[in-house]
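Just below is one structure, and these are the notes that go with it.
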Amino acid sequence: MTSRHQPAAQTADGPHWILLNPGPVNLSARVRQALLRVDLCHRQAEFLEFQETIRQQLLAVYDLDPARWAAVLLGGSGTTAVEAMLTSMVPRAGHLLVLENGVYGERCSEIAGLHGIRHEDRSQPWTAALDPAALEHRLSTGSQVSHVAVVHHETTTGRLNRLDQIAARCRTAGCRLLVDAVSSFGAEAIDFEGWEISALVGTANKCLHAVPGISFVIVRRADLQPLDPARSLSLDLFRHCQAQDRRDTLFTPPVQCCYALSEALLELQEEGGWQARRQRYRQRAATLAAGLAELGMEALLDRQETSASLCSYHLPAGMDYPQLAAALKKQGFIIYAGQGPLAGTIFRIANMGALEDRDMERLVQVFGELPETSS
Ligand SMILES: Cc1ncc(COP(=O)(O)O)c(C=O)c1O
């Protein structure tokens, strides 16, 4: 592989980029190696037993009881699983309320609209917190809301939405809670039982440190009912779950992605679970925050509102995003742009993946040596 830019290090396979985008992430050697395991037919007993192992590994991340919860595996990206959750969990007579403060909340509404799910949204500015009082007011007046959809970590800004506050309002009103935890599963506290979550989406290639291609929905078994008729064939969670429960699979799963996911889950467990991962991410975030603050750079949100896995910063004075991204890429770092109206004002740095602690220290140093462009 050749590149215009100078990567951080050369490996036998080409340049080693340090990925500071919110997935796909840098892989550990053992996860990469897992991709090379034996070829299997997905109808072989060996694969189907292995599929069950992964489902149990996913439940074990948050100590969930398999009698009450099911992990349903789906080939595809995080959006696939969000679409499966919304189209399978909201019944035809249901009414979905979507809480939005970023791209991914808005995507939930878009999915609901495309599938003709009766829904309404409650939008906040992208830099604002969700408003539990407004939710409480809506749930206690007007037409009955059956389900509330919310993004846990809104990756658009790095805000960790206060699910405890949202969950409390849903509980009082008797509505079910559907959660997009695509960029928080594996590295943040998620109180499945306490928050009475009905279903929650995660994906392999963010805080779990595996490869893109497989995502999942963790569903409360009691809430998973067939829809008549179903809204989708390939995204029907009920049918997927039934098949996986009887050690089968509806369609062709990404076998090699399953290998990587299982290895990554083992690695997470050996490293101390989501708590240890959150701690490690926080340390990386703190190193970066302290270094950038010394250089006079400002975070978009307060630290206590921000997830462990990603932080947004205002662009340095006199630099636009393409200039900044190119300067950092020359040193091997891949950062991430702001989206929509934030594209011209912020950049994002994720802490996910098999990074070395010294990567963040070097990043701070590289920021300190950026060419002066403000004149
Ligand atoms: C919170 C959240 N939801 C959904 C998605 C969509 O995931 P994917 O790009 O894997 O479809 C993302 C991607 O970054 C995300 O951060």
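The values are calculated or read from the model by the stated rules, or taken from the named source; none is laboratory data. Fair warning: this is a prediction, and the values are worked out from it, not measured in the lab. Here the Cβ positions follow ideal geometry from the backbone for every residue, glycine too, while neighbour counts run over all protein chains shown.
Here are some notes:
- Close pairs from region 151-166: first of a type in the set (D, E, K, R), partner near the ligand (Cβ under 7 Å from one of its atoms), Cβ under 8 Å, at least 6 apart: GLU154/TYR104; ARG159/HIS153
- Among the candidates ALA204, ALA199, ALA230, the residue that is in contact (Cβ under 8 Å) with a residue 60 or more places away in the chain, over 29 Å from ALA343 (Cβ atoms) and within 16 Å of the ligand (Cβ to nearest atom) is uniquely ALA199.
- Condition met for TYR281 (surrounded by 15 or more Cβ atoms within 10 Å (Cβ to Cβ), in a helix (DSSP H, G or I) and hydroxyl-bearing (Ser, Thr, Tyr)): yes
- Members of region 287-304 found to be out of contact with any strand residue (DSSP E or B) (no Cβ under 7 Å at 6 or more places or on another chain) and either in a helix (DSSP H, G or I) or under 20 Å from ARG358 (Cβ atoms) (or both), listed by number: THR287, ALA290, GLY291, ALA293, GLU294, LEU295, ARG303, GLN304
- All strands (runs of 3 or more DSSP E) inside region 161-245 with 3 or more residues being of a type outside the set (A, V, I, L, M, F, W, C): 197-203
- Enumeration of residues in region 86-125 that are within 23 Å of GLU305 (Cβ to Cβ), among the hydrophobic types (A, V, I, L, M, F, W, C) and touching a Leu at 6+ places or on another chain (Cβ under 7 Å): LEU99, CYS108
- Total residues in region 121-140 satisfying the condition of being more than 21 Å from the chain's Cα centre (by Cα) and free of Cβ contacts under 8 Å to residues at least 24 places away in the same chain: the figure is 4.
- Some residue of region 306-317 being closer than 30 Å to GLN165 by Cβ and surrounded by fewer than 21 Cβ atoms within 10 Å (Cβ to Cβ): yes
- Close pairs (8 angstrom Cβ cut-off, 6 or more residues apart or separate chains): under 16 Å from SER309 (Cβ atoms) in region 15-36, β-branched (Val, Ile, Thr) and more than 16 Å from the ligand (Cβ to nearest atom) anywhere: ASN26/ILE18
- The residues listed here are VAL98, VAL151; of these, the one that is within 11 Å of the ligand (Cβ to nearest atom) and either within 21 Å of LEU208 (Cβ to Cβ) or under 21 Å from the mean Cα position of the chain (by Cα) (or both) is VAL151.
- Failed condition for PRO371, given (1) closer than 22 Å to LEU130 by Cβ; (2) part of a loop (DSSP other than H, G, I, E, B); (3) not small (Gly, Ala, Ser): (1)
- Any hit, region 161-169, residues being under 18 Å from the mean Cα position of the chain (by Cα) and within 12 Å of the ligand (Cβ to nearest atom): yes
- Within region 145-160, tally of residues that are under 15 Å from ASN101 (Cα atoms) and assigned to a strand (DSSP E or B): 8
- Residue tally, condition away from the ligand (no atom under 16 Å from the Cβ) and of a type outside the set (Asp, Glu), over region 108-122: 7
- Within region 175-196, if we keep just the residues that are of a type in the set (Asp, Glu) and within 16 Å of the ligand (Cβ to nearest atom), the residue that is surrounded by the fewest Cβ atoms within 10 Å (Cβ to Cβ) turns out to be GLU188.
- Flag for GLY105 being within 13 Å of the ligand (Cβ to nearest atom) and either part of a helix (DSSP H, G or I) or surrounded by fewer than 22 Cβ atoms within 10 Å (Cβ to Cβ) (or both): yes
- Filter result for ASP223 (away from the ligand (no atom under 14 Å from the Cβ), touching a residue at least 40 places away in the same chain (Cβ under 8 Å), out of contact with any strand residue (DSSP E or B) (no Cβ under 7 Å at 6 or more places or on another chain) and more than 30 Å from GLU270 (Cα to Cα)): no
- Of the residues making up region 256-271, those that are over 15 Å from ASN205 (Cα atoms) and either crowded, with 19+ Cβ neighbours inside 10 Å or at pLDDT below 95 (or both) number 0.
- Residues being buried (at least 17 other Cβ atoms within 10 Å of the Cβ) and either within 19 Å of the chain's Cα centre (by Cα) or at pLDDT below 95 (or both) - total across region 335-350: 7
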